[in-house]
1. Count neighbours as other Cβ atoms within 10 Å of each site's Cβ, and list the GluC sites (Glu not before Pro) in the stretch 1-52 that are DSSP loop with at most 15 such neighbours.
2. Just from its helices, what would the mean residue ellipticity at 222 nm be for the chain, if runs of 4 or more DSSP H residues each count -39500 (n - 2.57) and the sum is divided by every residue, rounded to the nearest 500 deg cm²/dmol?
3. Once you have the Cα-Cα distance between M42 and K7, take 0.36 nm times their residue separation minus that, and quote the gain in nm to one decimal.
4. Given a Förster distance of 22 angstrom, what is the FRET efficiency for A66 paired with N16, based on the Cβ-Cβ distance and rounded to 0.05?
5. Note the angle between two axes, namely the Cα long axis of helix 19-33 and the longest principal axis of the Cα atoms of the chain, as a number of degrees from 0 to 90, rounded to the nearest 10.
6. In the chain, which trypsin sites (Lys or Arg not before Pro) fall in coil by DSSP and have 12 or fewer other Cβ atoms within 10 Å?
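Where a number appears in this text, it was derived from the coordinates with a stated rule and is not lab data. Since we're looking at a predicted model, the values are computed, not measured. Positions of Cβ are generated from backbone atoms using ideal geometry, with glycine treated the same way; all protein chains shown enter the neighbour counts.
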Amino acid sequence: MENHVFKLVEIVGTSNEGIDGAVKAALDRARDTIRKVRWFEMAAARGFVDDNGAIQYQVTLKIGFALDD
């Protein structure tokens with residue numbers, strides 16, 4: 001197994017469809033701009049409830065990506 005060095009960034013993803021949707025949204029967007037995404041850790045989960053009762057799910061992800069050699 002090859003040794004790697006990773007950089008860590010923290011982002012927040014949101015979705016009206018649930019926690020899984022918020023994680024997917026965050027990872028999809030991260031992969032658009034960050035190469036070699038290798039892992040993530042969900043650091044926090046929360047939600048916003050508007051006056052009509054609609055929920056927006058929010059997750060904070062720590063995303064690790066391998067640095068170029």
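1. Values: sites: E2, E10, E17, E41; in loops: E2, E17.
Sites meeting the loop and neighbour criteria: E2, E17.
2. Numbers: 1 runs with 15 residues, N = 69.
Taken over the chain, the calculation gives -7000 deg cm²/dmol.
3. Numbers: separation 35, 0.36 × 35 = 12.60 nm, distance 1.61 nm.
Going from the current span to full extension adds 11.0 nm.
4. Numbers: r = 32 Å, r/R0 = 1.46.
FRET efficiency, A66 to N16: 0.10.
5. 40 degrees
6. Working: sites: K7, K24, R29, R31, R35, K36, R38, R46, K62; in loops: R35, K36.
Here the trypsin sites (Lys or Arg not before Pro) that fit, given the DSSP loop and packing criteria, are R35.
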